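Chemist: Here it is: the structure, laid out below.
The values are calculated or read from the model by the stated rules, or taken from the named source; none is laboratory data. Small disclaimer: the values here were computed from a predicted structure and weren't measured. Cβ placement follows ideal geometry from the backbone for every residue including glycine, while neighbour counts extend to all protein chains displayed.
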Amino acid sequence: MASVSLRNVSKSYDGKTPVVRDVSLDVPDGQILTVLGPSGCGKSTLLRLIAGLETADTGEILIGGESVNDRDPKDRDVAMVFQSYALYPHMNVRENISVALKLRHISAPAIRERVESAAARLGLMDLLDRRPAHLSGGQRQRVALARALVRQPKAFLLDEPLSNLDAVLRERTRAELRLLFRDLQATVLYVTHDQIEAMTLSDRVAILRQGGLEQMGAPLELYQSPATEFVAGFIGSPRMNLLEAACIGRFDPHVKTAGIRPEDVQVLDQPGADTRPMALRLIEPLGAQKLLTLAIDGVEVRALVALTRPVSGTLHVRFPADRIHTFDAEGRRTD
Amino acid sequence: MKNHRYLLPAGAFLVCVLGFPLAHTLWTAVSGAASVPRMAGDEILAQSVRVTLAFSLMSVALELALGLVFALLLNAPFRGRGWARAIVILPWALPTAVMAMSWRWILNDTYGVFNDVLLRLGLIDAPVAWLGRPETAFASIVLADVWKTTPFVTLILLAGLQSIPKDLYEALRIDGAGAWSRFRLITLPMLRPAIALALTFRLIQALGVFDLVWVLTGGGPAGRTYTVSLYIYDNLFRYQDPGYGAVITVTFMLSVFALAAVLSMGMQDRRA
């Protein structure tokens, strides 16, 4: 395994609209970095740039400390798992997994051993003679993974590898991936739009927005102190309340927006210090908790409370000062 | 079930244009069954079968090779690709008789543009009667057929190429493949059904070739371009021997059916 670094990488397809804007990041050897962002934010392009399927307009891409800008995909020694899996439909599972080794002129017995070890690791031993058309979605996903594993590449690039699986399988595979990559001490770049995948899988998360790097850090760091209003709204579910600062009694000229997570909003039955009355609009049970939508004067606030807590009519809401995130007019964190 | 009545018009049409002639031919063949042994010793038939097979194999092989090259070119992104695709199909859109007539003029020994060009280039010293000499007449009908039907093969192969997902090529590039390996490991095997389809259509058409040869050479010179279809025609209309003509027709049809069945096995999509 090796480290992967990007230095001021930019890419545009039409020469006008940047798809990736001046992105710099480092994935140290053996770490998992998740690139998270909404659709169209350039995260897949970022991965394709590293794989060599696209050429960067400016900037440098380093794998294992060496610049690979001028190298073909085949000479970059990275493995990629596609969202569609991109399994070769006319080859059986064994052939699919062994193609990369054959192309590298590895001896037949060595190929056999490595293919079977990868297949065994992913529970594919009984499926080696099947064609992709005769596999379930989860099995195809594992073949795609085995095809990447067998290479023993310098880094793994995964492009939304779980998005075509159903919810149960996705959750299970997510945990398996984490264990697998930990065992392999693999360097992984993992692209997803699913923040739960990002939070649970990664050592660090990079948030991409309109091609630019918005914030990069440990998952909890992003959750606890989002650097921008965008990250604040993007990370966390239910979404953070983002209000005009004045609505929560902040009159600092530098502060435009104030944010507070639904779980940090205190809901009381009786008025107290710094509380304000709000009308209950909607109750959404989420299991152990329920999500309340409260409103006053056109301002809506959502709060999480225990499912068993009785609520009705007018409630009194308090926003604890140490739980409030503040952002300026450009959306940057002010503290 | 009762909705089957809506199939009646189409069914009646098929009975008229396919069923009736087929039944009529079979009946004529049965009545001429006594001439079946004649086929074995018929030197003209043997010669026409050799000509037909040689013509079919050569023209279809050339069409497949050229069609694949054109399809690959037209599948690559370039400026004006839409126009190029439209232009390439033109020869195929022409009626065979019309284009055969044009080729006859192009290859004409006295007035033909082909001789003119070769003379000006200094490649020949005197005009050549391309359609009048045995060795060049055969090459001429192959050339005209390749010119006309390569577009058809190109079209089928192009459709086949377009159905290959792009990410397979990308995955293989990352897996370590260069251009040739990508062609060998993805393009060719994934194109197999399209190739088999083009091969089936073209072989059936080429084996039954009539109009092109009829207009271009009339089967001559010295029977060098005399195909089975021409021989059948002559039996039916020149020698007034419909029984023998029908016997050859049915034998020929069954052979082509058998060939098509073998080819369609190769057409099975290996992905399934």
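Chemist: Scan the strands (runs of 3 or more DSSP E) fully inside region A:8-77 and keep the ones with 3 or more residues being within 14 Å of chain B (Cβ to nearest Cβ) and under 29 Å from A:LEU103 (Cα atoms). Give the steps one after another, and end with the answer.
Modeler: Numbers: elements: A:18-27, A:32-36, A:58-63.
Where strands (runs of 3 or more DSSP E) fall fully within region A:8-77, none carries at least 3 residues being within 14 Å of chain B (Cβ to nearest Cβ) and under 29 Å from A:LEU103 (Cα atoms).
Chemist: Give B:ALA159, B:ALA129 a once-over and let me know the one that is at pLDDT below 90, among the small types (Gly, Ala, Ser) and either buried (at least 20 other Cβ atoms within 10 Å of the Cβ) or on the phi < 0 side of the Ramachandran plot (or both).
Modeler: Checking each option against the conditions leaves just B:ALA129.
Chemist: Does B:LEU157 satisfy being within 14 Å of chain A (Cβ to nearest Cβ) and of a type outside the set (Asp, Glu)?
Modeler: Considered against the rule, which asks whether it is within 14 Å of chain A (Cβ to nearest Cβ) and of a type outside the set (Asp, Glu), B:LEU157 comes out as no.
Chemist: May I pose another question? From the set of residues in region A:80-120 that are more than 10 Å from every other protein chain (Cβ to nearest Cβ) and of a type in the set (Asp, Glu), which is surrounded by the fewest Cβ atoms within 10 Å (Cβ to Cβ)?
Modeler: Within region A:80-120, the match that is surrounded by the fewest Cβ atoms within 10 Å (Cβ to Cβ) is A:GLU113.
Chemist: Looking at region A:180-195, is at least one residue in a helix (DSSP H, G or I), surrounded by fewer than 17 Cβ atoms within 10 Å (Cβ to Cβ), among the acidic types (Asp, Glu) and out of contact with any helix residue (DSSP H, G or I) (no Cβ under 7 Å at 6 or more places or on another chain)? Show your work before the answer.
Modeler: First pass over region A:180-195, keeping only residues in a helix (DSSP H, G or I): A:180-184, A:195.
Those still in the list that are surrounded by fewer than 17 Cβ atoms within 10 Å (Cβ to Cβ) too: A:182-184.
Filter once more, so that each one left must be among the acidic types (Asp, Glu): A:183.
Within this subset, residues satisfying the condition of being out of contact with any helix residue (DSSP H, G or I) (no Cβ under 7 Å at 6 or more places or on another chain) are A:183.
Yes, because at least one residue in region A:180-195 is in a helix (DSSP H, G or I), surrounded by fewer than 17 Cβ atoms within 10 Å (Cβ to Cβ), among the acidic types (Asp, Glu) and out of contact with any helix residue (DSSP H, G or I) (no Cβ under 7 Å at 6 or more places or on another chain).
Chemist: Going by the structure shown, is A:ARG147 surrounded by 20 or more Cβ atoms within 10 Å (Cβ to Cβ) and touching a residue at least 60 places away in the same chain (Cβ under 8 Å)?
Modeler: Spelling it out, A:ARG147 is indeed surrounded by 20 or more Cβ atoms within 10 Å (Cβ to Cβ) and touching a residue at least 60 places away in the same chain (Cβ under 8 Å).
Chemist: Out of curiosity, is A:GLY40 assigned by TED's automatic domain parsing to the domain that holds A:SER202 and closer than 28 Å to A:LEU220 by Cα?
Modeler: Values: assigned by TED's automatic domain parsing to the domain that holds A:SER202: yes; closer than 28 Å to A:LEU220 by Cα: yes.
Yes.
Chemist: Related question: Show me the helices (runs of 4 or more DSSP H) found entirely inside region B:114-229 where at least 2 residues are touching a residue at least 12 places away in the same chain (Cβ under 8 Å) and either touching a strand residue (DSSP E or B) at 6+ places or on another chain (Cβ under 9 Å) or hydrophobic (A, V, I, L, M, F, W, C) (or both).
Modeler: Helices (runs of 4 or more DSSP H) meeting the threshold: B:134-162, B:166-175, B:188-207, B:211-216.
Chemist: Filter region B:167-187 for residues that are surrounded by fewer than 17 Cβ atoms within 10 Å (Cβ to Cβ) and more than 9 Å from every other protein chain (Cβ to nearest Cβ); which is farthest from A:THR55 (Cα to Cα)?
Modeler: Only one residue fits best here, namely B:ARG184.
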